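The values are calculated or read from the model by the stated rules, or taken from the named source; none is laboratory data. A quick note: this is a predicted structure, and the numbers were derived from the prediction, not measured. Here Cβ is always computed from backbone atoms with ideal geometry, including for glycine, and neighbour counts include all displayed protein chains.
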Amino acid sequence: MRRSSIALASAAAVATVGLIAAPLVQATEVTPRMSSSALQKCGFTVQPNLDFWSGGSAAMAPTGKIPAGKNVVIQGRAADGVANGTRLELVRFNPAGKGCHGSFQRIGSGIVTTVKGGQYYLNFQLDRQGTFGYAIQGVSGGATYEVEFRITTT
């Protein structure tokens, strides 16, 4: 993905105090939107993008267009380097300016899971309608790991 390394570096720095995604935007703020094609170019694909999840896997159902309030499940094997007990959080991409620059926004009070036995499982619902980029993000051993994907909520 082509996002600024500054956003990822700040995520790692903030994660050391217990947060996963940073900088975080208040949940009440409206997230700017990008088109599906722009999100695609930034690595937010309909099927989970594992570019920053080396050695891991991700299966998501359903994908693409999903009615608001419908359960979405994403699960798989943790990336190489992601230790058991690592906290993973679902975050929404908050674009800033042109290109793939931006930050991640915590969703509500947080949608989280923990890596257990080298596996993760996250079952969640989205109610904000529109097309957005999302990531499951975690910090382990000082490195930031993420599975990125795009969902259109109708």
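Checking the conditions here, which among Arg150, Arg87 is modelled with pLDDT of 95 or more and closer than 16 Å to Lys41 by Cα?
Arg150
Residues are listed down the side, and each one gets a yes or a no for (1) modelled with pLDDT of 95 or more; (2) over 17 Å from Trp53 (Cα atoms); (3) under 11 Å from the mean Cα position of the chain (by Cα):
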{"site": "Gly99", "(1), (2), (3)": "no, yes, no"}
{"site": "Tyr120", "(1), (2), (3)": "yes, no, no"}
{"site": "Asn123", "(1), (2), (3)": "yes, yes, no"}
{"site": "Gln137", "(1), (2), (3)": "yes, no, yes"}
{"site": "Gly141", "(1), (2), (3)": "no, no, no"}
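Which count do you get for residues in segment 39-74 that are farther than 18 Å from Gln137 by Cα, surrounded by 12 or more Cβ atoms within 10 Å (Cβ to Cβ) and in contact with a Phe, Trp or Tyr (Cβ under 8 Å, 6 or more places away or on another chain)?
1
Scan segment 79-92 for residues that are surrounded by 14 or more Cβ atoms within 10 Å (Cβ to Cβ) and either in contact (Cβ under 8 Å) with a residue 60 or more places away in the chain or more than 13 Å from Ile136 (Cβ to Cβ) (or both) and report the count.
Summing the residues that are surrounded by 14 or more Cβ atoms within 10 Å (Cβ to Cβ) and either in contact (Cβ under 8 Å) with a residue 60 or more places away in the chain or more than 13 Å from Ile136 (Cβ to Cβ) (or both) in segment 79-92 gives 8.
Identify the residue in segment 107-118 that is surrounded by 14 or more Cβ atoms within 10 Å (Cβ to Cβ) and modelled with pLDDT under 95 and, among all such residues, is farthest from Ser140 (Cα to Cα).
It comes out as Ile107.
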